[in-house]
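Reviewing the structure listed below.
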């Protein structure tokens with residue numbers, strides 16, 4: 001499902017006189033359907049960058065980032081904008097540790113919108129959104145409220161619900177349990193296992209060791225660039 | 001993925017005013033349902049680009065082509081004025097920064113929304129009024145303001161009325177020129193939310209000119225960063241804003257204050 | 001009816017010089033060829049101020065011949081100041097026969113009304129028009145209205161009608177009610193009451209319109225479709241008066257309100273004085 005071949009990444013800070021900061025060097029790994037691969041390594045090692053590059057949120061100038069879209073193999077590093085947008089609609093899901101808050105949109109609507117997927121019925125999407133919010137233990141009284149005033153953990157649960165409610169064959173998880181307590185971390189572990197069973201390929205970064213150990217089939221160590 | 005042709009194609013668009021190059025060599029393709037943000041500071045050429053794309057101004061070099069409803073892609077400069085005006089009234093929308101330019105201020109809200117329908121031959125008063133009422137609902141304007149002229153509306157209401165007026169004929173492409181300019185923050189939020197929802201619901205393609213990167217991030221899939229008439233960077237909105245490659249883009253992104 | 005007489009010397013026939021008449025006739029030909037389209041013409045200075053029918057007078061002067069019989073009415077009446085002045089003007093400068101009887105006239109110049117007596121083939125009616133552009137009050141820019149006519153973009157007029165219905169519950173325009181001519185151009189029928197609009201539709205007469213101050217002429221050839229604008233669910237209503245004429249008893253004709261005294265006494269009588277008199281004469285004879 002995912003094949004990362006010899007990927008390197010560096011940031012050029014033009015505002016700092018063109019200083020070049022290397023984030024990744026020659027990373028190669030693969031993830032199969034139904035498998036959860038966890039990236040390990042110290043902070044700043046470029047793990048998040050790798051996930052973002054797979055999602056197209058970061059540019060990749062060296063190496064190949066191949067994802068499988070049914071019978072097609074697409075290299076995200078060189079794919080057109082249009083192709084990446086299509087991948088995000090049906091193949092790739094990305095869940096980070098921050099919810100980017102949009103004013104005025106209720107938590108339920110955020111998740112329902114994601115549940116709409118490709119031509120789902122609005123009613124159906126709502127029900128699935130509600131079911132997902134229940135699974136992440138978000139109290140029903142919060143559902144009609146925009147998450148701007150939620151606690152970090154509550155926001156993160158909305159974030160997770162949004163990322164998990166619709167089917168994607170590839171999930172990219174970047175510290176999804178960062179602001180969650182033990183109960184909610186367990187709920188996320190459950191969700192991840194369900195996705196694995198359904199055949200999703202998961203590539204994730206988990207700070208929390210319990211979660212890491214509970215979901216990982218394999219570890220890949222990412223060393224910081226010297 | 002469907003192999004549909006692009007909806008709007010810009011090729012080598014250039015506009016010179018005398019010896020001053022307002023826009024140089026801009027090219028891109030926009031597909032149905034895509035939202036493109038054009039960001040840049042004053043003098044970047046973004047408004048010039050919008051005027052070229054909508055056929056209001058003719059390019060000095062390059063061309064703009066649009067795929068009409070009959071599926072033929074036509075160069076805008078080849079259209080007769082009648083065709084272009086018809087396009088502007090039916091398949092396209094143009095939301096202006098100053099609502100007074102985009103609305104008929106002396107005429108009621110209902111008439112403002114219904115005008116395009118009347119322009120394409122709708123002859124039932126009852127139907128026109130019903131459609132106008134539905135649209136007022138959608139843009140969150142109180143139904144009983146339908147007979148009021150926009151002179152009595154607030155800035156935010158006027159912009160929402162402009163939206164309704166433009167969207168009533170289900171256009172496939174809408175141009176927006178700094179639609180939130182000059183509005184209070186809470187009013188902006190409402191308008192942006194509405195825009196976001198309508199774009200998603202109607203599947204309309206938009207080209208939005210804005211200097212506000214947050215607006216670009218919220219509304220667009222793709223972004224064009226402009227400086228002094230040139231495109232300095234382009235790509236997926238989140239990619240360009242999160243991982244800017246060009247020096248100017250990096251400057252823009254880092255200049256945005258966090259509330 | 002006053003017979004032909006020698007015109008006052010020193011004036012060309014019907015006041016205007018022949019070159020001017022030629023220019024106006026050319027404009028009229030173009031107008032007739034494009035029904036409802038406003039043709040610009042070089043409006044001359046006339047011995048009456050703008051607003052007193054200079055356009056109508058120029059059109060009449062251009063088409064008047066020695067054998068014509070001219071009737072001039074103002075608001076349906078032959079004996080208001082305007083009608084009298086203009087009629088005398090042509091008597092003086094052209095020496096043509098004039099009449100107050102619609103049926104006898106070959107040319108009828110009118111301000112703001114169409115005679116009740118049905119007009120025939122061979123007659124010509126000349127309307128005095130203040131503002132020829134039906135869209136003027138909605139769109140002040142001449143550049144824009146010309147483009148709208150050229151591109152047949154008349155949505156704005158329906159906006160105006162919509163506004164009327166929204167505001168008053170019905171289309172409030174009661175005179176100068178916009179019409180579509182020969183299915184193409186939108187036209188202002190001059191400030192005649194909307195009651196008269198149906199008379200313009202497929203009339204056997206040639207209808208000519210002159211606006212002196214605005215320097216435009218337009219025309220509706222005989223048997224041309226003239227359709228009043230409306231909505232399907234608010235169809236055009238000529239709004240005929242409910243009462244008969246107090247003087248001659250005719251029904252379904254346009255009436256004037258005549259104040260009788262200072263205590264609110266009033267009566268309604270035919271606006272078309274010739275029509276009313278003829279009815280009374282006929283009643284008297286029968």
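The values are calculated or read from the model by the stated rules, or taken from the named source; none is laboratory data. Here the structure is a predicted model, which is why all the values come from computation and not from measurement. Cβ coordinates were reconstructed from backbone atoms using ideal geometry, including for glycine residues, and neighbour counts include every protein chain displayed.
General remarks:
- Of all residues in region B:141-154, those satisfying the criterion of being more than 7 Å from every other protein chain (Cβ to nearest Cβ) and part of a loop (DSSP other than H, G, I, E, B) are B:141, B:142, B:146, B:148, B:149, B:153, B:154.
- Qualifying residue in region A:50-59 (condition: buried (at least 21 other Cβ atoms within 10 Å of the Cβ), touching a residue at least 40 places away in the same chain (Cβ under 8 Å) and more than 13 Å from every other protein chain (Cβ to nearest Cβ)): no
- Residue in region A:74-85 that is modelled with pLDDT under 90 and closer than 24 Å to residue A:220 by Cβ present: no
- Flag if residue C:58 is within 16 Å of residue C:208 (Cα to Cα) and part of a helix (DSSP H, G or I): yes
- In the set (1) closer than 23 Å to residue A:207 by Cα; (2) more than 9 Å from chain B (Cβ to nearest Cβ); (3) assigned to a helix (DSSP H, G or I), the condition left unmet by residue A:93 is number (3).
- Top-ranked residue in region A:24-48 [being surrounded by 23 or more Cβ atoms within 10 Å (Cβ to Cβ) and out of contact with any helix residue (DSSP H, G or I) (no Cβ under 7 Å at 6 or more places or on another chain); ranked as nearest to residue A:94 (Cα to Cα)]: A:47
Yes/no per residue for (1) part of a loop (DSSP other than H, G, I, E, B); (2) out of contact with any strand residue (DSSP E or B) (no Cβ under 9 Å at 6 or more places or on another chain):
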residue: A:180; (1), (2): yes, yes
residue: A:184; (1), (2): no, yes
residue: A:195; (1), (2): no, no
residue: A:214; (1), (2): no, yes
residue: A:225; (1), (2): yes, no
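- Among residues of region B:99-140 being in contact (Cβ under 8 Å) with a residue 60 or more places away in the chain and closer than 19 Å to residue C:140 by Cβ, the one that is farthest from the other protein chains (Cβ to nearest Cβ) is B:102.
- Strands (runs of 3 or more DSSP E) within region C:182-286 that include 3 or more residues under 20 Å from the mean Cα position of the chain (by Cα): C:185-187, C:206-211, C:216-220, C:226-228
- Residue among B:104, B:69, B:100, B:129 that alone is outside any loop (DSSP other than H, G, I, E, B) and within 20 Å of the chain's Cα centre (by Cα): B:100
- Any chance residue B:71 is in contact with a strand residue (DSSP E or B) (Cβ under 6 Å, 6 or more places away or on another chain) and within 18 Å of residue B:30 (Cα to Cα): no
- Counting only helices (runs of 4 or more DSSP H) that fall entirely inside region C:73-181 and contain at least 3 residues that are within 19 Å of residue C:216 (Cβ to Cβ) and over 17 Å from the mean Cα position of the chain (by Cα), the qualifying elements are C:142-150.
- Residue that is within 12 Å of chain B (Cβ to nearest Cβ), within 21 Å of residue B:203 (Cβ to Cβ) and crowded, with 19+ Cβ neighbours inside 10 Å, where the choices are A:122, A:77, A:114: A:114
- Here residue B:157 qualifies as without any contact (Cβ under 8 Å) to a residue 24 or more places away in the chain and either within 12 Å of the chain's Cα centre (by Cα) or away from chain A (no Cβ under 13 Å) (or both).
Conditions (1) modelled with pLDDT of 95 or more; (2) closer than 15 Å to residue B:92 by Cα; (3) exposed (fewer than 14 other Cβ atoms within 10 Å of the Cβ), marked per residue:
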residue	(1), (2), (3)
B:24	no, no, no
B:33	no, yes, no
B:42	no, no, yes
B:46	no, no, no
B:57	no, no, no
B:63	no, no, no
B:74	no, yes, no
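- Taking every residue in region C:200-221 that is without any contact (Cβ under 8 Å) to a residue 40 or more places away in the chain and pairing it with any residue that is surrounded by fewer than 19 Cβ atoms within 10 Å (Cβ to Cβ), at least 6 positions away or on another chain, the pairs with Cβ-Cβ distances below 8 Å are C:201/C:225; C:201/C:227; C:202/C:223; C:202/C:225.
- Checked against the criterion of being within 13 Å of chain B (Cβ to nearest Cβ), outside any loop (DSSP other than H, G, I, E, B) and modelled with pLDDT of 90 or more, the candidates A:88, A:162, A:141, A:157 yield just one match: A:88.
- Subset of region B:176-193 (residues that are more than 10 Å from chain A (Cβ to nearest Cβ) and surrounded by 18 or more Cβ atoms within 10 Å (Cβ to Cβ)): B:176, B:177, B:178, B:179, B:180, B:183, B:191
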